[in-house]
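This report concerns only the one structure given below.
Coordinate-derived values only; no laboratory data. Fair warning: this is a prediction, and the values are worked out from it, not measured in the lab. Positions of Cβ are generated from backbone atoms using ideal geometry, with glycine treated the same way; all protein chains shown enter the neighbour counts.
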Amino acid sequence: MEVETLRDDEGYQLASRFNALLIGTACGDALGLPTEGLTRQRNHRFTRGNWRHRLLPGHGMISDDTEHMVFVAQSLLRHPDSPIRFARRLGWCLRGWLLFLPAGIGFATLRAILKLWMGFSPNCSGVFSAGNGPAMRVAIIGAFFAHNPEQRAAYVAASTCLTHTDPKALIGATAIAELAAWTVRDRLTQRPSLERFISLLDRCGPHDRDWLSAVATIARAGRDDWTVAELADRLGLANGVTGYMYHTIPVVVYSWFRHFGDFRKTLTEVLDCGGDTDTTGAIVGALAGIVVGEAGIPADWRAGVIDWPRSLSLLRTLAQRLAVAATTGQPLAPVRYFWPVIPIRNLLFLIIVLGHGFRRLLPPY
């Protein structure tokens, strides 16, 4: 795989941010996958507070969360100047993804992809759902269009409405994209003020009472120095974070703010809450990764991700090429990888996941 050469400091900075975003996604996804669906209490008994790769001994694999991020990145490369063509290509990526029988897929996303296969256009394929699927793939859009709010909003909407049409889904995805854009645009290295953080969240859904109520709870958490688990408790998530957008996003963004600059703490505080841990881990891993860079992500967590062909090497190449596209504004060819092996990989992945599922039937309960 060829990697274009970046010629200026801005390009190198972007490549570093994109790289850490993608690798942070993969690490959060792979670490959270083995405990997906466990209650907080069972989660604690299962991990004993020691977050390491468990899907295989000392190693982990990615799931749909990282795969969707790859599809968005590839579609951005090909169409950085047209949200309509971007959505069309992303739709084709999702069609092909379903053909290879992925082990994990949300029900709303499944219905949307089936509609795409039935001939619905990308702007008509979404279903009314406020699931967190759009949020898991949107951070790269925010980072890519960090300096272009109009394009950022158009691409976030295109990516979201392809599968989810509930306005809550768009508000949650917008919040993630805006935080990613803010981090890249202002090159944040220190935790921002609570006031600026809350103001940004308010602007993502200024007319949605449920969203504003959730943001007000986040603001109180920041003022009173609640832990992430305490915030989850106040949101009614004592048994785990659900896949509902207004449950996932408050927990994720508060951990990003509270533990700003500490990737390990940011991620583990979210994973400790239980529930949809692979997706919450992927989303917060992306946001925390942009802040700390790849070097700030624990080396054992990076080394433990052993997937292929959508490997960490592929993610690094994608980051380099995305930086070129963002700097020049010119479309680039998607990164090639050996996709024919994916059905075999997916079968192996399914066997591993099923085996791990049987392991979870055993103590500790």
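Side notes on the structure shown:
- The range 9-359 - charge dipole about Cα centre, Lys and Arg +1 at Cβ, Asp and Glu -1, debye rounded to 20: 600
- For the chain, the fraction of alpha-carbon pairs lying more than 36 Å apart is 13 percent, rounded to a whole number.
- The string of couplings for the range 254-263 from the Karplus curve (6.51, -1.76, 1.60, θ = phi - 60°) is 5, 5, 4, 6, 5, 10, 3, x, 10, 4 Hz, one whole number per residue in order, with x for Gly and Pro.
- Taking Cys204, Cys93 and counting other C-beta atoms within 10 Å, the order from fewest to most: Cys93, Cys204
- In sequence order, calculated HN-Hα J values of the range 135-146 (Karplus, 6.51, -1.76, 1.60; Hz; x Gly/Pro): 6, 6, 10, 9, 4, 5, 5, x, 5, 5, 9, 4
- Calculation over all alpha carbon pairs of the range 296-365 in 10 angstrom steps from 0 returns a P(r) of 15, 30, 32, 16, 6, 1 percent.
- Packing-based exposure ordering (other Cβ within 10 Å, fewest first) of Leu267, Leu188, Leu201, Leu116: Leu188, Leu116, Leu201, Leu267
- Under DSSP loop assignment and at most 16 Cβ neighbours within 10 Å, longest GluC sites (Glu not before Pro)-free interval of the chain: 5-365
- Length released on extending from Ser82 to Phe128, taking residue separation times 0.36 nm less the Cα-Cα span: 14.1 nm
- Each Lys or Arg adds one and each Asp or Glu takes one away; over the other residues whose Cβ falls under 12 Å from the Cβ of Val251, this sums to -2.
- Relative contact order computed over the chain (Cα-Cα under 8 Å; 6+ residues apart), in percent: 33
- Extension gain, Asp300-Arg220: 0.36 nm per intervening residue step, less the Cα-Cα distance, totals 25.3 nm.
- Cα gyration tensor, the range 135-218 - rounded (a/c under 1.5), prolate or oblate: oblate
- Ranking of Phe145, Phe358 by count of other Cβ atoms within 10 Å, fewest first: Phe358, Phe145
- Cα gyration tensor shape of the range 33-172, rounded if a/c is under 1.5, else prolate or oblate by comparing a/b with b/c: prolate
- Subtracting the Cα-Cα distance of Asp262 and Leu350 from 0.36 nm times their residue separation leaves 28.4 nm of extension gain.
- When you filter the trypsin sites (Lys or Arg not before Pro) in the range 277-365 for DSSP loop state and at most 12 other Cβ atoms inside 10 Å of their Cβ, you are left with Arg336.
- For His164, the residues whose amide H sits under 5 Å from its own are Val127, ignoring neighbours fewer than 5 places away on the same chain, with H placed 1.01 Å from N.
- In order through the range 285-294: 3J(HN,Hα) via Karplus (6.51 cos²θ - 1.76 cosθ + 1.60), integer Hz, x for Gly, Pro: x, 5, 5, 5, x, 4, 6, 8, x, 4
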